[in-house]
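Data block below; observations after.
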Amino acid sequence: MSPGAESGSGDAARYEALDLLATMVAIVGDNGRPLYVNAMLETVSGLSRKALLRTSLFDWFVESPQLRETLTAVLRNEIATGRFDGTLRRAHLAANDLLPVHVIVTQIEQRSDRVLIEMLEIEQQTRQDREERAIGQVQANKELIRNLAHEIKNPLGGIRGAAQLLQMELNSRELTEYTSVIINEADRLQALVDRLLAPHRRPHVVVDVNIHEVCERVRALILAEFPQGLALKRDYDTSIPDFRGDREQLIQAVLNIAQNAALALGERIGAGDARIVLRTRVARQVTIGKQRFRLALELHIEDNGPGVPEDIRDRIFYPLVSGREGGSGLGLTLAQTYVQQHLGLIECDSEPGRTVFKIVIPLP
């Protein structure tokens, strides 16, 4: 039976319920050809459903001989269910984009010509726990920043005012240089406090947001700041719908991440081979914290820089933590706050030569 025949049969309507699952599922024929794939497999693999139906199941896995043996044993009714840990290829079956999965091969309807393949991400539970911790961290950061900023702001005004009064009473130029230092440093700290309080002061202006307009605005700003040696590439899914959100907050969140990437690419910009990619995709059946969403936007900001320093990878979203000399350590904290206000989250996957920040925001 061809994939087209299967898609047009009554079976396809029955299999549509598999789209509601958070695990990857495929119905496979005895020749290893997929007859049906669910939405989660489509999302994780990086291929459309039509593209997946034109491939072979054995091309999906590094351990294709083991899969073939298990599939054959189930089809011959030698075993009812076979399990093994495998490695799934993603992104057009690229060899360098691998996902560890637990594979379950099961008989279906006591038929000898098809089986059900279920794939569970081995890291899925770990990732969900990490997401819940990140959401809790945002709330803790918010309270810490607000309280700390107010505690700093009140005495800071008094220090600056006293320094100004003292400066007016001094006749010595050398002594007024010291009061100028106090005033300038007080102003610098005031600016830092204002940045800390910015997400809590500014009203949430909700409008229809097109994520590609956000990306294009950020792209123009980055290229204006780094006109030479940096390629800023687009990889957009233009089918992504508009959603309700604060456009300026999202621009600032994406800009903070992209600027960090560009600054980390200093050596590669000098060599002329620096690259940042803005990639948009739609994810299905996404769980953020403990809430599940049918559709979500995924925005990837990828660079080919040196990567996030290993000693701060677990703390990069904490306030005042920076991997760059002279950095304020606020850019990622503010980005995380803005995205969280859209019920989303930010993840980071970094290694030397490839760093990806992924912003996930629910779609209507």
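Tell me, which strands (runs of 3 or more DSSP E) lie completely within the stretch 274-364 with 2 or more residues that are modelled with pLDDT of 85 or more and among the acidic types (Asp, Glu)? Spell out how you get there, then give the answer.
Values: elements: 274-288, 291-303, 345-351, 354-362.
Passing ranges, in order: 291-303, 345-351.
Can you go through 268, 247, 188 and tell me which one is of a type in the set (Lys, Arg) and outside the structural domain of residue 304 (by TED's automatic domain parsing)? Lay out the reasoning, then the answer.
On the way: 268 fails: outside the structural domain of residue 304 (by TED's automatic domain parsing); 247 fails: outside the structural domain of residue 304 (by TED's automatic domain parsing).
Just a single option satisfies the conditions, and that option is 188.
Do we find a residue being among the charged types (D, E, K, R) and surrounded by 19 or more Cβ atoms within 10 Å (Cβ to Cβ) anywhere in the stretch 236-252? Break it down stepwise before answering.
Step one: of the stretch 236-252, the residues among the charged types (D, E, K, R) are 237, 242, 244, 246-248.
Remaining after also requiring surrounded by 19 or more Cβ atoms within 10 Å (Cβ to Cβ): 246.
Yes: one or more hits.
Scan the stretch 56-92 for residues that are loosely packed, with under 15 Cβ neighbours inside 10 Å, among the acidic types (Asp, Glu) and within 35 Å of the chain's Cα centre (by Cα) and jot them down.
The answer is 59, 85.
All but one of (1) touching a helix residue (DSSP H, G or I) at 6+ places or on another chain (Cβ under 7 Å); (2) at pLDDT below 90; (3) part of a helix (DSSP H, G or I) hold for residue 270, so report the exception by its number.
Of (1) touching a helix residue (DSSP H, G or I) at 6+ places or on another chain (Cβ under 7 Å); (2) at pLDDT below 90; (3) part of a helix (DSSP H, G or I), only one is false for residue 270: (1).
In the list 237, 273, 311, which residue meets the criterion of being of a type outside the set (A, V, I, L, M, F, W, C), without any contact (Cβ under 8 Å) to a residue 12 or more places away in the chain and not assigned by TED's automatic domain parsing to the domain that holds residue 20? It would help to see each step written out before you state the result.
Numbers: 237 fails: without any contact (Cβ under 8 Å) to a residue 12 or more places away in the chain; 273 fails: without any contact (Cβ under 8 Å) to a residue 12 or more places away in the chain.
Among 237, 273, 311, only 311 is of a type outside the set (A, V, I, L, M, F, W, C), without any contact (Cβ under 8 Å) to a residue 12 or more places away in the chain and not assigned by TED's automatic domain parsing to the domain that holds residue 20.
The values are calculated or read from the model by the stated rules, or taken from the named source; none is laboratory data. The structure displayed is predicted, hence computed values, not measured ones. When we count neighbours, we look across all protein chains shown, and the Cβ atoms used for this are built from the backbone with ideal geometry, even at glycine.
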